[in-house]
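The values are calculated or read from the model by the stated rules, or taken from the named source; none is laboratory data. Just so you know, these numbers come straight off a predicted model, no measurement behind them. All Cβ positions, even for glycine, are placed from backbone atoms using ideal geometry, and neighbour counts span all protein chains on display. Areas reflect the complete protein model, heavy atoms only, side chains present, ligands, DNA and RNA absent. Shrake-Rupley method; radii C 1.70, N 1.55, O 1.52, S 1.80 Å.
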Amino acid sequence: MDAIIWLGIVVVLIIIEIATLGLTTIWFAGGALAACIAALFGAALPIQAALFLVVSILLLLFTRPLAVRYLNRNRTLTNVESMIGREGVVLEAIDNLKARGLVRIGGMEWTARTERDQDAIPEGTVVEVVKIEGVKAIVKRKGGN
């Protein structure tokens, strides 16, 4: 009887995983499958439950990061994500304290700020995009200077 319940849990968790594609419940389905196998071999309910928890947590901790990395490998970067690391040229000197600065990156003009407020970057300098904050490109001098 315990094996049928665990098998039902496996089916429900797989259906939830198919519906959400969150790569979370599938690991618990693996734990439930291990508990189901233990039930078929006559293990007591506390052992089945412990096996369910241990196998689920181990699968979640050790295989989920690998699966997420593998599945996200071919993901297309969004416009903002694709800007990180790109080079640009300063069109208007960047000075955080005066809230000024403009760069051209890939043919588009962006309001720009430096990583640190005390840094100022003169016009014509080649910069690298560190991150995007809202509609501003946060840049540093190319080469980190």
Candidate residues 123, 115: accessible-area rank, largest first, probe 1.4 Å: 123, 115
Potential lengthening between residue 19 and residue 50 on full extension [0.36 nm per residue; Cα-Cα distance subtracted]: 8.4 nm
J(HN,Hα) series, segment 55-70, from Karplus relation 6.51 cos²θ - 1.76 cosθ + 1.60, nearest Hz, glycine and proline x: 5, 4, 5, 5, 4, 5, 6, 9, 9, 4, x, 5, 5, 5, 4, 5
Calculated FRET value between residue 5 and residue 66, using beta carbons and R₀ = 30 Å, to 0.05: 0.50
Crossing angle, helix 25-40 versus the chain [Cα axis fit, 0-90 degrees, rounded to tens]: 20 degrees
Within the chain, helix-based [θ] at 222 nm, where runs of 4 or more DSSP H residues each add -39,500 (n - 2.57), nearest 500: -14500 deg cm²/dmol
Inter-centroid distance (Cα atoms) of segment 112-145 relative to segment 1-56, Å: 51 Å
Mean Cα-pair separation over length for the chain, i.e. relative contact order, pairs under 8 Å, 6 or more apart, %: 16 percent
Protein accessible area in the chain, 1.4 Å probe - carbon and sulfur %: 65 percent
Tensor-based shape of the chain (alpha-carbon gyration tensor, a/c under 1.5 rounded, otherwise prolate or oblate): prolate
